[in-house]
1. Taking all pairs of different Cα atoms in the stretch 66-166, averaging 1/r and flipping that mean, what Kirkwood radius in angstroms comes out?
2. Using only the Cα atoms, work out Rg/Rh for the stretch 1-92, with Rh taken as the Kirkwood radius, to two decimals.
3. Can you tell me what percent of all Cα-Cα pairs in the stretch 13-61 are more than 14 Å apart?
4. Distance cut-off 30 Å, Cα to Cα: go down the list Lys23/Lys162; Lys84/Lys176; Lys44/Lys136; Lys162/Lys187; Lys84/Lys184; Lys136/Lys176 and report the pairs above it.
5. Below 8 Å between Cα atoms, with a sequence gap of 6+, how large is the relative contact order for the stretch 13-61 in percent?
Amino acid sequence: METWTVWAVALVIFVIYILSSIKILAEYERGVIFRLGRLLGHAKGPGVILVFAPVDRMVRVSLRQEALEVPPQDIITRDNVTLKVNAVIFLRVIDPNKAVVEVSNYVYQTSQFAQTTLRSVLGEVELDELLAHREKINLRLQSILDTHTAPWGVKVANVEVKQVDMPESMLRAMAKQAEAEREKRSKIIHAEGEFSAAQRLVDAAHLLATEPVSVQLRYLQTLTEIGVEKNTTVVFPVPVDFFSGIQKLLAAVPPPAKPAGS
């Protein structure tokens, strides 16, 4: 009787041990197994796996893409402008074994590399290049970080410069520059309009000179436009030929003769 009791207890302990050794990994998880301290060949999962403690020890690793925010960094650009810049990094584990064995904490390590890389890369560019060619800078940051994290089995998918904080003095200077640029464009457009209007007036004068009657018609049209408006303007219509006749008479009068001996 005592023998059966011992066997029953042993069986219950064995069943409990087997049940506790069953681990279920989700589709995005992998289990890195250390057996007696040695790394097994391949990561296990997904699905049901067996981990026989204390011989085996499992480390769960997620294969999902993670977003890592880089804290704001004090940057001095190549043209000596002080900025505060932060960024966001998108990374994922592609080799779970390396992510566990090669580095103690790949997220923290990537964050530290990102901070130093952000300061060094942005310190080599000017402010205008940072604002106008941000995509190119993002690609350069991603390439440098991916080179550092590749030995850990971590892939940096993308890096985005998130926000650029400039001092108030620089914001005012940029606002003045933009205002001056717009004023310059406005003056150029206004001058081009004046030139086009003057050119059209010259063409109209040449056209009116070919037909003298058209001047009289234009004169009458101007009087009609003035008469439509409700105003108190007094207009004395004078034929245009009257002025042209006076001009001809003045041209026909000979200049006064100079007195003798002068």
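Readers should treat all values here as calculations from the given coordinates under stated rules, not as data from a laboratory. Fair warning: this is a prediction, and the values are worked out from it, not measured in the lab.
1. 13.8 Å
2. We get a ratio of 1.38 for the stretch 1-92.
3. Summing the P(r) tail past 14 Å for the stretch 13-61 gives 47 percent.
4. The answer is Lys23/Lys162; Lys44/Lys136; Lys162/Lys187; Lys84/Lys184.
5. It comes to 42 percent, rounded to a whole number.
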